[in-house]
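Down below is the structure, laid out as structure tokens.
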């Protein structure tokens, strides 16, 4: 009898071990979980909420009269955000990690006088003649968008960063910072004229709303939403959800081989730096509205990977209690923190983003999902 009991325990242990190992993928830095159907994503929409940690999302959720669109995701992971030189990252170093797969010092983009950062995933898509674009609620020269194309040393070099846009064949840009292109202080260049001469249609808030713009399919398009930094949502900015839908539709028509679109909800971070809870919540809700448009697009399209995450948390934000239907919140700092950041994924390759990983892994996982790897492009369209 004792023998039979022992044999049963051993067999049960083996079954549990086998079951566990089957559910736990073998992991190393260069090998990723394969997509279940091995179908690469034709399009990638990468949405970054600057300064958006778990509490920022939670505050938006509890302040909304209906469920957030971000709650529709079934696949969720966590990313570690430290930079090369600090446990607490800034936006430039974090964006470089996700865009290029390397660690950089805070305030930099991974290039120096002695070395040059590797190409970003946006540049790799562009080199394969896929459509590319960016939509932001900051200036177009701000740290996060800049990390996807510039080789300048420091994030403060706005006019030099603006000039670098001429070196990448990006098809669509929507954001602020017009003055860094046409009223420069470091030189007499008019970059708006240079882009027009390259075949771009360049418009701004002075030419009417984004909705009124009708760029042709064979044109690349730049739309400046502000002369400097765009207004906060609480002060009337309303273009982000519209711009996201505009961008996805535009890029899909631009290339039948696929596209890469980076979208940043830039000012969640600014609310955190200012310790203004209402601003944080309004920016999160606006970003979530845009997420809803992009999730609907990805579901309808069927070949689009949608990835939503933050670059870091800002403010040490916490929810203390509720008082008469309003959240009582607290900020521990006016800077960033080192907490892990949630990652939400939908579409082909989404399962790659489960688990806990470094922010540099996002670059490699995006390449894996799209079929771009070290041996060249092998995704749809080839």
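Where a number appears in this text, it was derived from the coordinates with a stated rule and is not lab data. This one's a predicted model, so the numbers in the text were calculated from it and none came from an experiment. FYI the Cβ positions are ideal-geometry reconstructions off the backbone, even for glycines, and counts take in every protein chain you see.
Taking the chain as the reference, fit the longest principal axis to its C-alpha atoms, fit the long axis of helix 277-301 to the helix C-alpha atoms, and give the angle between the two in degrees, 0 to 90, nearest 10.
80
Which length gain, in nm to one decimal place, applies between residue 322 and residue 190 when the Cα-Cα distance is subtracted from 0.36 nm times their residue separation?
That works out to 42.3 nm of additional length.
Return 127, 282 ranked ascending by Cβ neighbour count within 10 Å, so the fewest neighbours appear first.
Listing 127, 282 from fewest to most nearby Cβ atoms yields 127, 282.
Report the label-to-label distance for residue 197 and residue 335 in nanometres (one decimal), using points 7 Å from each Cα along the Cα→Cβ vector.
Simple spin-label model gives 4.4 nm for this pair.
Any chance you could give the angle, 0 to 90 degrees and rounded to 10, that helix 54-63 forms with the longest Cα principal axis of the chain?
80
Normalised radius of gyration for the chain, please: alpha carbon Rg relative to 2.2 N^0.38 Å, two decimal places.
Its radius of gyration relative to the 2.2 N^0.38 Å reference: 1.04.
For region 253-310, with equal point scatterers placed on the C-alpha atoms only and solvent neglected, what are the log10 I(q)/I(0) values from the Debye formula at q = 0.23 1/Å, to two decimals?
Debye curve over Cα of region 253-310, log10 I(q)/I(0) at q = 0.23 Å⁻¹: -0.92.
Classify region 171-270 as rounded, prolate or oblate from the Cα gyration tensor: take a ≥ b ≥ c as the square roots of its eigenvalues, call it rounded if a/c is under 1.5, otherwise prolate when a/b beats b/c and oblate if not.
Since a/c reaches 1.5 but b/c is at least a/b, the shape of region 171-270 is classed as oblate.
From the helices alone, meaning DSSP H stretches of at least four residues, give me the mean residue ellipticity at 222 nm for the chain, per-run term -39500 (n - 2.57), in deg cm²/dmol to the nearest 500.
One gets -10000 deg cm²/dmol as the mean residue ellipticity at 222 nm.
For region 272-382, what is the per residue volume of the convex hull drawn over the alpha-carbon atoms, in cubic angstrom?
133
What length, rounded to one decimal in nm, is gained on full extension from residue 39 through to residue 218, with 0.36 nm per residue of separation minus their alpha-carbon distance?
61.5 nm
Would you work out the relative contact order for the chain, in percent, from Cα pairs under 8 angstrom that are 6 or more residues apart?
Over the chain, the number comes to 30 percent.
Could I have the simple spin-label model distance between residue 54 and residue 205, label points 7 Å from Cα toward Cβ, reported in nm to one decimal?
With each label point 7 Å from Cα toward Cβ, the separation is 3.6 nm.
What's log10 of I(q)/I(0) for region 306-353 at q = 0.13, 0.25 Å⁻¹, Debye sum over Cα points only, no solvent?
-0.48, -0.88
What is the diffusion coefficient of region 76-176 in µm²/s, taking the Kirkwood radius over Cα pairs and the Stokes-Einstein relation at 37 °C with a viscosity of 0.692 mPa s?
Reported coefficient: 239 µm²/s.
State the antiparallel share, in %, of DSSP beta bridges confined to the chain, rounding to the nearest 5.
In the chain, approximately 35 percent of DSSP beta bridges are antiparallel ones.
Give the Rg/Rh ratio for region 117-180, taking Rg as the radius of gyration of the Cα atoms and Rh as the Kirkwood radius, to two decimals.
On the Cα set of region 117-180, Rg over Rh gives 0.93.
Set the Förster distance to 56 Å, then compute FRET efficiency between residue 256 and residue 65 from the Cβ-Cβ distance, nearest 0.05.
0.90
For a test of the definition: using alpha carbon positions, the gyration tensor, and the 1.5 limit on a/c, classify region 108-231 as rounded, prolate or oblate.
Note, shape of region 108-231 comes out oblate.
Among 295-308, 188-201, 44-57, how do they line up from the highest to the lowest mean number of other beta-carbon atoms within 10 Å?
The peptides rank, most packed first, as 44-57, 295-308, 188-201.
Based on other C-beta atoms within 10 Å, arrange 129, 358 from fewest to most.
The most exposed by this proxy come first: 129, 358.
Evaluate the distance, in nm, between pseudo-label points positioned 7 Å from the Cα of residue 72 and of residue 278 along their respective Cα→Cβ axes.
Calculated label separation equals 3.0 nm.
Mind sorting 312, 235 by how few other Cβ atoms lie within 10 Å of their own Cβ, fewest first?
235, 312
Angle between the Cα long axis of helix 240-254 and the longest principal axis of the chain, 0 to 90 degrees, nearest 10?
Approximately 90 degrees, to the nearest 10.
Expressed in whole Å with the largest first, what are the equivalent ellipsoid semi-axes of region 41-92 derived from the C-alpha gyration tensor as the square root of 5 times each eigenvalue?
Whole-Å semi-axes of the equivalent ellipsoid: 24, 18, 10.
How much of the DSSP bridge set in region 154-285 is antiparallel, in percent, rounded to the nearest 5?
Among the beta bridges of region 154-285, antiparallel pairing accounts for roughly 0 percent.
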